[in-house]
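Participant: Right, I'll just put the structure down here and ask away after.
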């Protein structure tokens with residue numbers, strides 16, 4: 001079975017201070033995304049769909065067409081504020097509608113089992129191998145989805161708040177629901193999240209979280225499009241509203257249409273939210289290369 005990897009790379013990097021998806025983390029110029037692509041190729045993914053913005057499309061294509069030439073197919077999809085039905089377009093909005101919207105705009109270029117990841121997260125080889133194995137053994141016409149899970153304590157920045165999907169998982173390792181927590185931070189070795197009233201409350205560091213590494217069949221598109229239209233109707237005037245993948249997942253779970261198997265990974269996760277995270281990530285990548293997990297020059 002051929003597998004596709006969708007990479008969420010349309011973010012504006014406001015907290016990072018620039019396009020972190022194209023920032024370089026090795027002397028040879030590798031981005032975090034390069035390591036994910038390298039690991040995905042090793043795991044057997046044969047097609048890569050990059051969700052980007054028109055403002056950096058030329059630069060992006062130049063870099064990744066060259067890297068993937070002769071190795072895999074590369075496709076680019078632009079996520080803009082106007083890539084929605086005209087009836088819901090608000091010219092005052094400045095940011096795209098989130099990860100769920102990004103997922104759904106790949107409908108016309110994804111026709112096989114696929115995974116979706118963030119461009120600025122390092123997930124590790126084990127995560128890609130487990131996802132590829134699971135997707136190869138999943139019926140393309142089913143609603144049997146997958147998620148790579150991590151422990152919250154291993155995914156929090158020391159330099160400010162982060163967004164994470166808090167997961168409830170049953171005894172059989174299937175997802176019950178996922179709640180998007182948009183403000184989680186570490187304070188004096190304790191982890192807190194802001195509730196719906198803006199109050200900081202403790203959250204267990206062992207909490208299972210989603211880092212947006214999902215596995216889907218093409219059936220996900222049939223369910224998601226109606227959800228997006230309803231969301232746009234309700235949020236046309238809300239300039240900061242976001243349609244997350246977690247919203248699509250939760251609605252599918254509530255309707256009993258889909259199941260999401262939670263795959264625990266032993267891989268080391270790390271990523272960048274703030275500029276101060278960069279040095280830490282560079283050191284971790286340097287250590288992986290020193291231990292021969294990756295060649296000094298990926299391509």
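The values are calculated or read from the model by the stated rules, or taken from the named source; none is laboratory data. Just so it is clear, the model here is predicted, and its values are computed rather than measured. Glycine gets a Cβ as well: all are built from the backbone with ideal geometry, and neighbour counts include every protein chain shown.
Participant: Give the number of residues within the stretch 262-282 that are surrounded by fewer than 17 Cβ atoms within 10 Å (Cβ to Cβ) and either closer than 15 Å to residue 23 by Cα or touching a strand residue (DSSP E or B) at 6+ places or on another chain (Cβ under 7 Å) (or both).
Facilitator: Residues that pass the stated criteria total 8.
Participant: Checking the conditions here, which among 176, 184 is part of a strand (DSSP E or B), over 16 Å from the mean Cα position of the chain (by Cα), surrounded by fewer than 22 Cβ atoms within 10 Å (Cβ to Cβ) and in contact (Cβ under 8 Å) with a residue 12 or more places away in the chain?
Facilitator: After applying the criteria, what remains is 176.
Participant: Still on this model: Kindly indicate whether residue 48 is part of a strand (DSSP E or B), touching a strand residue (DSSP E or B) at 6+ places or on another chain (Cβ under 6 Å) and either closer than 24 Å to residue 282 by Cα or touching a residue at least 40 places away in the same chain (Cβ under 8 Å) (or both).
Facilitator: yes
Participant: Identify, from the list 250, 287, the residue that is within 30 Å of residue 90 (Cα to Cα) and assigned to a helix (DSSP H, G or I).
Facilitator: Checking each option against the conditions leaves just 250.
Participant: Further question: Which numbered condition trips up residue 1, out of (1) at pLDDT below 90; (2) under 26 Å from residue 219 (Cα atoms); (3) buried (at least 22 other Cβ atoms within 10 Å of the Cβ)?
Facilitator: Answer for residue 1: the failing condition is (3).
Participant: Can you name every residue in the stretch 80-97 that is in contact with a helix residue (DSSP H, G or I) (Cβ under 8 Å, 6 or more places away or on another chain) and within 12 Å of residue 242 (Cβ to Cβ)?
Facilitator: Across the stretch 80-97, the qualifying residues are 96, 97.
Participant: From the residues in the stretch 108-141 that are in a helix (DSSP H, G or I) and out of contact with any strand residue (DSSP E or B) (no Cβ under 6 Å at 6 or more places or on another chain), which one is surrounded by the most Cβ atoms within 10 Å (Cβ to Cβ)?
Facilitator: 128
Participant: Hey, any hits in the stretch 147-164 for a residue that's in a strand (DSSP E or B) and at pLDDT 95 or above?
Facilitator: yes
Participant: Follow-up question, since we're still on this one. Please pick out the residue among 74, 10 that is in contact with a helix residue (DSSP H, G or I) (Cβ under 8 Å, 6 or more places away or on another chain), touching a residue at least 24 places away in the same chain (Cβ under 8 Å), surrounded by 17 or more Cβ atoms within 10 Å (Cβ to Cβ) and not in a loop (DSSP other than H, G, I, E, B).
Facilitator: Just one listed residue meets the conditions, 74.
Participant: What is the number of the single condition among (1) crowded, with 17+ Cβ neighbours inside 10 Å; (2) over 14 Å from the mean Cα position of the chain (by Cα); (3) modelled with pLDDT under 95 that residue 34 does not meet?
Facilitator: So the condition that residue 34 fails would be (3).
Participant: Another question, if that's okay. Taking interchain pairs and intrachain pairs at least six residues apart, which have beta carbon atoms under 6 angstrom, with the first residue in the stretch 123-137 and over 21 Å from residue 209 (Cβ atoms) and the second modelled with pLDDT under 95?
Facilitator: Close Cβ pairs satisfying both conditions: 136/1.
Participant: Residue by residue through the stretch 192-219, note down the ones that are loosely packed, with under 14 Cβ neighbours inside 10 Å and within 11 Å of residue 153 (Cα to Cα).
Facilitator: Across the stretch 192-219, the qualifying residues are 204, 206.
Participant: Continuing with the same structure: Against the conditions (1) touching a helix residue (DSSP H, G or I) at 6+ places or on another chain (Cβ under 7 Å); (2) under 29 Å from residue 30 (Cβ atoms); (3) at pLDDT 95 or above, where does residue 102 fall short? Just the number, please.
Facilitator: (1)
Participant: Would you check if there is a residue in the stretch 20-28 being closer than 23 Å to residue 220 by Cβ, in contact (Cβ under 8 Å) with a residue 12 or more places away in the chain, out of contact with any strand residue (DSSP E or B) (no Cβ under 8 Å at 6 or more places or on another chain) and part of a loop (DSSP other than H, G, I, E, B)?
Facilitator: Within the stretch 20-28 (the criterion being closer than 23 Å to residue 220 by Cβ, in contact (Cβ under 8 Å) with a residue 12 or more places away in the chain, out of contact with any strand residue (DSSP E or B) (no Cβ under 8 Å at 6 or more places or on another chain) and part of a loop (DSSP other than H, G, I, E, B)), the answer is no, since none of the residues qualifies.
Participant: Restricting attention to the stretch 81-107, which residues are surrounded by 15 or more Cβ atoms within 10 Å (Cβ to Cβ), farther than 21 Å from residue 223 by Cβ and free of Cβ contacts under 8 Å to residues at least 40 places away in the same chain?
Facilitator: The one that is surrounded by 15 or more Cβ atoms within 10 Å (Cβ to Cβ), farther than 21 Å from residue 223 by Cβ and free of Cβ contacts under 8 Å to residues at least 40 places away in the same chain: 81.
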